[in-house]
Amino acid sequence: MSFNRTIKIAPSILSADFANFGEEIRCVEAQGADWIHVDVMDGHFVPNITFGPSTCAAIRPHISTIMDVHLMIAPVDLYVEAFAEAGADVITAHVEAGAHIHRSLQAIRANGAKAGVALNPGTPASAVMHLLDIADLVCVMTVNPGFGGQSFIPLESKVAELRAMIGDRPIHIEIDGGVTPLTAPGLVNAGADVLVAGSAVFKGGSVSNPAAYGLNINAIRAAVA
Ligand code: DX5
Ligand code: ZN
């Protein structure tokens, strides 16, 4: 997984058909997805439950791009090895998930994955200041995590602050929540390079109408070009 700052669209399978992940993933990749974003929720750190490492392992062979696993769970460290073994390329943990986010990022790297750190909307950019030497990605949540399809919280100034803090380091800035062709340009101008999009990619499409996914992905790409 080589580093660059080109814009990457990462559809979140939270908005896909849960009974048909394999085909949904093949469809969005064929329609231009750069990464596949996988939302893991535990019903404790966030008020919703999705799935765990065994589902991640089951879908891994269907992903030919990058498997980007977003852990909305607490505790984190107990499960890092299982998600790495499931084949995650990137594992992102929340800075709010426990007292020892630095240790969690160390554990993610020690297990061979890229380490991401996510910030809830209410958490300041400075929370990652002392984590930048051990992080490969910073995820800025632009909704309160837990559900797809929520309205966007404008945090472009936080993105710009992070971009300045990161400087030349090879660290991605990912945005998660409410990304659409309308909200994406301000985020990219502020320094984001990975755009997670659930409802904005999957709306209007299905595995029998995958062209809609392509139109949706291209609309986001065109908006930021
Ligand atoms: C929210 C998840 C997101 C979600 C985004 O808790 O982390 O990845 O799927 O969904 P949209 O793009 O619909 O806001
Ligand atoms: Zn997510």
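The values are calculated or read from the model by the stated rules, or taken from the named source; none is laboratory data. Since this is a predicted model, take the numbers as computed values, not measurements. A quick note on method: Cβ atoms are made from the backbone with ideal geometry, for glycine too, and the neighbour counts reach across all protein chains shown. Accessible surface is based on the protein model in full, side chains and every heavy atom, while ligands, DNA and RNA are left aside. Shrake-Rupley method; radii C 1.70, N 1.55, O 1.52, S 1.80 Å.
Does region 74-97 contain any residue that is of a type in the set (D, E, K, R) and crowded, with 24+ Cβ neighbours inside 10 Å? Checked region 74-97: no residue is of a type in the set (D, E, K, R) and crowded, with 24+ Cβ neighbours inside 10 Å.
Within region 145-161, if we keep just the residues that are of a type outside the set (A, V, I, L, M) and without any contact (Cβ under 8 Å) to a residue 60 or more places away in the chain, the residue that is nearest to ligand 2 (Cβ to nearest atom) turns out to be Q150. Restricting the first member to region 65-77 and to residues that are farther than 24 Å from G32 by Cα and without any contact (Cβ under 8 Å) to a residue 12 or more places away in the chain, and the second to residues that are open to solvent by less than 10 Å² (accessible area, probe 1.4 Å) and within 15 Å of ligand 1 (Cβ to nearest atom), no beta-carbon pair is closer than 6 Å while six or more apart or on different chains.
Assuming V90 fulfils every condition listed in (1) over 12 Å from the mean Cα position of the chain (by Cα); (2) under 30 Å from A19 (Cβ atoms) apart from one, which condition is it? Only one criterion in (1) over 12 Å from the mean Cα position of the chain (by Cα); (2) under 30 Å from A19 (Cβ atoms) is unmet by V90, namely (1). Checking each residue in region 163-179 for being outside any helix (DSSP H, G or I) and closer than 24 Å to M67 by Cβ picks out R169, P170, I171, H172, I173, E174, I175, D176, G177, G178, V179. The sole residue among I166, I175 that is of a type in the set (A, V, I, L, M) and within 21 Å of N216 (Cα to Cα) is I175. Scanning region 147-184 for residues that are surrounded by fewer than 17 Cβ atoms within 10 Å (Cβ to Cβ) and hydroxyl-bearing (S, T, Y) gives S151, S157.
If you take the residues in region 185-207 that are of a type outside the set (V, I, T), surrounded by 20 or more Cβ atoms within 10 Å (Cβ to Cβ) and closer than 20 Å to I13 by Cβ, which one is nearest to ligand 2 (Cβ to nearest atom)? Only one residue tops the list, namely G198.
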